[in-house]
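See below for the structure under consideration.
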Amino acid sequence: KFEFSMKKVNMDYENLIKAKDALGLEHSAEGNAIEECLQEMTDLKEVWEAVSVPYTTLDEIKDTPWSTAVPRKIRRALDDLLAEMRSLPNRIRQYDAYTHTHDAVKGFVTNHGMLSDLKTDALKERHWKKILQRLGIRVAFSELTVGLLWDNGVLTRKKEMGEILTTAQ
């Protein structure tokens, strides 16, 4: 909708310039700000399309049920995602949308060890109840996903999770 409006305004502007030329009136020789806005909007659409692919992949990883999650596969998927993002052109990588997504994926990779540690058989149901309680997650263990753990701060609470892991082992 906004793009359509901008294109219409740009066409009106160009028609105005043509009309001024036909009437012999002067018009400013400055750059067309509307054209610049249209170009920026085109660039933003390109960035959004480029970043939506990694976001979709990240959402798929997050939707993985914890009971079937394999830490090595998650790590490989995250590494592949980072490599894919690094291969994007610089004009896309300069935008905040890219930076935010890249930093999020990099954070998941950096703290992946904690996720792997939580996959140990030493954690029994009572330990998981404590973990879920500390994270503020109110779903059954069978409905737990990787995304729920990530979104509720399991990676930022290493000390608390480490204490529960130590108790379990």
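The values are calculated or read from the model by the stated rules, or taken from the named source; none is laboratory data. As the structure is a computational prediction, the values presented were derived from the model and not from experiment. Don't worry about glycine lacking a Cβ; one is built from the backbone with ideal geometry, like all the others, and counts go over all protein chains shown. Heavy atoms of the whole protein, side chains included, go into the accessibility calculation; ligands, DNA and RNA do not. Shrake-Rupley method; radii C 1.70, N 1.55, O 1.52, S 1.80 Å.
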To the nearest 20 debye, the chain has a Cα-centred charge dipole, built from +1 on Lys and Arg Cβ and -1 on Asp and Glu Cβ, of 1280
Expressed in nanometres to one decimal, the distance between label points 7 Å along Cα→Cβ at residue 22 and residue 60 is 5.4
For residue 97, the net charge from surrounding residues (Cβ-Cβ under 14 Å; K, R +1; D, E -1) works out to -3
The set of residues whose placed amide H lies less than 5 Å from the amide H of residue 145, leaving out same-chain residues fewer than 5 positions away, is 66
Here FRET efficiency (C-beta to C-beta, residue 80 to residue 110, R₀ 25 Å, nearest 0.05) is 0.95
With a 25 Å threshold on alpha-carbon distance, the violating pairs from 45/73; 62/124; 62/119; 1/62; 73/158 are 45/73; 1/62
CD proxy, 222 nm, the chain: helix-only mean residue ellipticity via -39,500 (n - 2.57) per DSSP H run with n ≥ 4, per residue, nearest 500, stands at -23000 deg cm²/dmol
Net charge (Lys, Arg +1; Asp, Glu -1) of residues whose beta-carbon lies under 13 Å from that of residue 85, residue 85 excluded, is -1
Of the residues 27, 101, 135, the Cα lying farthest along the dipole of the chain towards its positive end, which is defined by charges on the beta carbon of Lys, Arg, Asp and Glu, belongs to 135
With Cα coordinates, the longest principal axis of the chain makes an angle with the long axis of helix 158-168, in degrees rounded to 10, of 30
When the charge dipole of the chain is computed with +1 on Lys and Arg Cβ and -1 on Asp and Glu Cβ about the Cα centre, the Cα farthest towards its positive end, among 47, 150, 87, belongs to 150
FRET efficiency for residue 3 and residue 99 from the Cβ-Cβ distance with R0 = 30 Å, rounded to 0.05, comes out at 0.80
Any aspartates and glutamates whose Cα falls less than 12 Å from that of residue 18, other than same-chain ones fewer than 8 residues away, would be 26
Distance in Å, no decimals, from the C-alpha centre of the stretch 1-37 to the one of the stretch 39-74 is 38
Largest-first ranking of 108, 4 by accessible area, probe 1.4 Å, whole protein assembly kept, is 4, 108
On the accessible surface of the stretch 40-141, probed at 1.4 Å with all protein chains in place, carbon and sulfur together account for a percent value of 50
Each label sits 7 Å from Cα toward the beta-carbon; between residue 34 and residue 11 the label points are separated, in nm, by 1.1
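Taking the Cα centre of the stretch 6-93 as origin, work out the dipole magnitude from +1 charges on Lys and Arg Cβ and -1 charges on Asp and Glu Cβ, in debye rounded to 20.
On the way: 13 positive and 17 negative charges, 122 e Å.
Using only the charged Cβ atoms, the result is roughly 580 debye.
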In nanometres, the difference between 0.36 nm per residue of separation and the alpha-carbon distance of residue 52 and residue 121 is 21.3 nm
